[in-house]
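S.K.: Quick one: the structure is below, and I'll ask about it shortly.
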Amino acid sequence: MYKIPIAKPFFGNEEIENLTTCVQSTWVSSAGKFIDEFEKNFAHYCGTKYAISTSNGTTALHLAVMALGIGPGDEVLVPSLTFVSCANVIVYVGAKPVFVDIDRASWTIDPDEIEKHISRRSKAILAVHLYGYPAEMDKIKKIAKRHNLFLIEDAAEAHGAEYEGKKVGGLGDIGCFSFYGNKIITTGEGGMVTLNNRKIFDKIVLQKNHGTTGKKRYWHSVVGYNYRMTNMQAALGVAQLRQIDRFLERRKEIDMLYRKLLLGIAGIILPPANTKKRKGVCWQFSMRIENKTFGMSRNQLITFLKRKSIETRPFFISLHKLPMYKMKNNFPHSDVISQEGISLPTSMHLSNKEIIYIVHSIKEAQRPKKT
Ligand SMILES: *Cc1c(COP(=O)(O)O)cnc(C)c1O
C-alpha cells in the first residue's frame, strides 16, 4: 500500500532452502532439527546458557512471569510506556502491573522512579529495552538486588543491543524476545526466552509444553500451555540469525544517516544516543516532534507523510491511558514522549535515496507552502 513501508522483513536464499528442507522432512510441528539449532545458536548469541523458543514474544513474557512464581497478590514494576503485552502477562497470572514513569532522555524505565513504587508485594521488575535502547541495567540491577526482586528483560525490540559490553537478554534473571514480522530478525510469529538458571529453565519447558516433561506419556504435573514454536518458524530463525550482524550494521548506517540529515531541524528531537554503557540498535528509527517548534503536531506529520506514501508509526499509548489500566496517576515523561514520538521507515530494503526523500518530506512539512 505504501511506497515506503515502515518495516519489511528481509529474506535470503537460506530462508527458502531451510523452509524447503523443513517441509520435505515433514517435521513441521514443534520438534525438529531447526528448533534445536535456533535455540542453541540464539543462546550462544546472547551469551546465556539456555534459550527456549516460544510461539511469540507475549508467550515468552507470560512463561517468564509464571516461572518466577509470580501470582495473585504480587506486583510487578513495568514502564508506563511500552507494548501492552508487558502489562497483560502480569494480569494473566493474577498479579498487578505497577507502572513507573520513563526517563525522558533514554525513553526507558526511570531507575530513580522505581523505588517510589516498590511495596511489600513487589516481586519483579520488567525492564523494557524500548525502540532498541537498553534500559539503565546497572542501576536497575542494584535496585532489584537491594529489594530482593526478580529482573526480567523485554528485549523484543532490541536484538543484539548491549549494556556494559554484554548482550541484552542475559543481563537479568530472564530475557524475552519477539520475532514478529517487524522485529530485527523474524520468524513470522515467534519468541525466545533466554536465561542461565536450570531450575527456571525446567519450569518454562514444562509450562510451554502442556505441563509435561515427556518422560512419562500423558503425565501432566501442572496446568500447562502449548506455547511452542514450529520447526518451520525455527527454519526461518536459523537463517535470520546468521545474518543478524549484517542487519545490525545496515541499521546502524540508516540510523546515522537519519540523524545526520535531521540534525538541527527545529522541533525535532533525535532519539537517545549511545553511551559508553548503552549500545542501542536501530529497530525503528524513532524521534520526537515538538508541536510548537516544529509547527505541526506528530499526528499531522503522520498524515502529511502518508500522502507521500511514506508509512510512519506513532509511539505506544501510555498504558495507564488504556481502559483496562486506567488510573489517575501522572506519568509526565511517558505521556509527552507517547504523544510526540514517531517511528520512521527502517528496513534492509530501505535505500539511502529513500531516507533522503523521507527527510526532505519532513522538512517540507515543517514549512508548508502557502497557497
Ligand atoms: C513486539 C513486542 C512484544 C510482543 O511480541 P509478540 O511476538 O507480538 O507477542 C512485547 N514487547 C515489546 C516491547 C514488543 O515490541
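The values are calculated or read from the model by the stated rules, or taken from the named source; none is laboratory data. No experiment lies behind these values; they were computed from the predicted model shown. Note that each Cβ is placed from the backbone with ideal geometry, even for glycine, and that neighbours are counted across all protein chains shown. All accessible areas refer to the heavy atoms of the entire protein, side chains included, with ligands and DNA or RNA removed. Shrake-Rupley method; radii C 1.70, N 1.55, O 1.52, S 1.80 Å.
S.K.: Which of the following residues is surrounded by fewer than 21 Cβ atoms within 10 Å (Cβ to Cβ) and within 16 Å of the ligand (Cβ to nearest atom): Gly132, Gly188, Gly165, Gly172? Walk me through how you get there before you give the answer.
M.R.: On the way: Gly132 fails: surrounded by fewer than 21 Cβ atoms within 10 Å (Cβ to Cβ); Gly165 fails: within 16 Å of the ligand (Cβ to nearest atom); Gly172 fails: surrounded by fewer than 21 Cβ atoms within 10 Å (Cβ to Cβ).
Step by step, each of Gly132, Gly188, Gly165, Gly172 is checked, and only Gly188 is surrounded by fewer than 21 Cβ atoms within 10 Å (Cβ to Cβ) and within 16 Å of the ligand (Cβ to nearest atom).
S.K.: Taking the condition buried (at least 19 other Cβ atoms within 10 Å of the Cβ), closer than 14 Å to Ile35 by Cβ and of a type in the set (S, T, N, Q), does Asn209 pass? Break it down stepwise before answering.
M.R.: Values: buried (at least 19 other Cβ atoms within 10 Å of the Cβ): no; closer than 14 Å to Ile35 by Cβ: yes; of a type in the set (S, T, N, Q): yes.
Considered against the rule, which asks whether it is buried (at least 19 other Cβ atoms within 10 Å of the Cβ), closer than 14 Å to Ile35 by Cβ and of a type in the set (S, T, N, Q), Asn209 comes out as no.
S.K.: Between Lys40, Lys49, which is over 16 Å from the mean Cα position of the chain (by Cα), without any contact (Cβ under 8 Å) to a residue 12 or more places away in the chain and under 30 Å from Glu164 (Cβ atoms)? Give the derivation first.
M.R.: Details: Lys49 fails: without any contact (Cβ under 8 Å) to a residue 12 or more places away in the chain.
Going through Lys40, Lys49 in turn, just one is over 16 Å from the mean Cα position of the chain (by Cα), without any contact (Cβ under 8 Å) to a residue 12 or more places away in the chain and under 30 Å from Glu164 (Cβ atoms): Lys40.
S.K.: Go through (1) more than 12 Å from Arg228 (Cα to Cα); (2) in contact with a helix residue (DSSP H, G or I) (Cβ under 7 Å, 6 or more places away or on another chain); (3) open to solvent by less than 10 Å² (accessible area, probe 1.4 Å) for Glu37 and report which single condition fails.
M.R.: (3)
S.K.: Of Ala239, Ala235, which residue is assigned to a helix (DSSP H, G or I), touching a Cys at 6+ places or on another chain (Cβ under 9 Å), more than 19 Å from Ala161 (Cβ to Cβ) and open to solvent by less than 20 Å² (accessible area, probe 1.4 Å)?
M.R.: Details: Ala239 fails: touching a Cys at 6+ places or on another chain (Cβ under 9 Å).
On inspection, the qualifying residue turns out to be Ala235.
S.K.: When you go through Phe177, Phe99 one by one, which is the residue that is within 16 Å of the ligand (Cβ to nearest atom), within 15 Å of the chain's Cα centre (by Cα) and in contact (Cβ under 8 Å) with a residue 40 or more places away in the chain?
M.R.: Step by step, each of Phe177, Phe99 is checked, and only Phe177 is within 16 Å of the ligand (Cβ to nearest atom), within 15 Å of the chain's Cα centre (by Cα) and in contact (Cβ under 8 Å) with a residue 40 or more places away in the chain.
S.K.: While we're looking at this one, here's another question. Answer yes if at least one residue in segment 17-24 is crowded, with 21+ Cβ neighbours inside 10 Å and either touching a Ser or Thr at 6+ places or on another chain (Cβ under 9 Å) or in a helix (DSSP H, G or I) (or both), and no otherwise.
M.R.: First, the residues of segment 17-24 that are crowded, with 21+ Cβ neighbours inside 10 Å: 18, 22.
Imposing the further condition that a residue be either touching a Ser or Thr at 6+ places or on another chain (Cβ under 9 Å) or in a helix (DSSP H, G or I) (or both) reduces the set to 18, 22.
Yes, that holds for at least one residue.
S.K.: Within segment 301-354, which residues are in a helix (DSSP H, G or I), surrounded by fewer than 20 Cβ atoms within 10 Å (Cβ to Cβ) and of a type in the set (Ser, Thr, Tyr)?
M.R.: Once the filter is applied, which keeps residues that are in a helix (DSSP H, G or I), surrounded by fewer than 20 Cβ atoms within 10 Å (Cβ to Cβ) and of a type in the set (Ser, Thr, Tyr), segment 301-354 yields Thr303, Tyr325.
S.K.: Taking only segment 196-230 into account, find how many residues are at positive phi and in contact with a Gly (Cβ under 6 Å, 6 or more places away or on another chain). If you could, list the steps in order and put the result at the bottom.
M.R.: From segment 196-230, those at positive phi are 210-211, 214, 218; that's our starting set.
Those left that are additionally in contact with a Gly (Cβ under 6 Å, 6 or more places away or on another chain): 210-211.
Adding up the residues that qualify gives 2.
S.K.: OK, next. Just checking, how many residues over segment 140-162 are closer than 18 Å to Ala51 by Cα, open to solvent by less than 10 Å² (accessible area, probe 1.4 Å) and more than 10 Å from the ligand (Cβ to nearest atom)?
M.R.: 5
S.K.: Being assigned to a loop (DSSP other than H, G, I, E, B), in contact with a strand residue (DSSP E or B) (Cβ under 8 Å, 6 or more places away or on another chain) and either closer than 19 Å to Arg198 by Cα or away from the ligand (no atom under 16 Å from the Cβ) (or both) is the filter here; which residues of segment 31-68 pass it?
M.R.: The first filter runs over segment 31-68 and keeps only residues assigned to a loop (DSSP other than H, G, I, E, B), leaving 31-32, 47-49, 55-56, 68.
This time we only want the ones that are in contact with a strand residue (DSSP E or B) (Cβ under 8 Å, 6 or more places away or on another chain), so: 47-49, 55-56, 68.
Listed by number, the residues that qualify are Gly47, Thr48, Lys49, Leu68.
S.K.: For segment 246-274: of the residues being without any contact (Cβ under 8 Å) to a residue 12 or more places away in the chain and under 20 Å from the mean Cα position of the chain (by Cα), which is surrounded by the most Cβ atoms within 10 Å (Cβ to Cβ)?
M.R.: Asn274
S.K.: Does segment 274-290 contain at least one residue that is among the hydroxyl-bearing types (Ser, Thr, Tyr), out of contact with any helix residue (DSSP H, G or I) (no Cβ under 8 Å at 6 or more places or on another chain) and in a loop (DSSP other than H, G, I, E, B)? Steps first, answer last, please.
M.R.: First, the residues of segment 274-290 that are among the hydroxyl-bearing types (Ser, Thr, Tyr): 275, 286.
Then keep just the ones that are out of contact with any helix residue (DSSP H, G or I) (no Cβ under 8 Å at 6 or more places or on another chain); that gives 275.
Filter once more, so that each one left must be in a loop (DSSP other than H, G, I, E, B): 275.
Yes; the residues of segment 274-290 include at least one that is among the hydroxyl-bearing types (Ser, Thr, Tyr), out of contact with any helix residue (DSSP H, G or I) (no Cβ under 8 Å at 6 or more places or on another chain) and in a loop (DSSP other than H, G, I, E, B).
S.K.: So Ala105 passes all but one of these: (1) within 16 Å of the ligand (Cβ to nearest atom); (2) open to solvent by 10 Å² or more (accessible area, probe 1.4 Å). Which condition number does it fail?
M.R.: Evaluating Ala105 over (1) within 16 Å of the ligand (Cβ to nearest atom); (2) open to solvent by 10 Å² or more (accessible area, probe 1.4 Å) leaves (1) as the failure.
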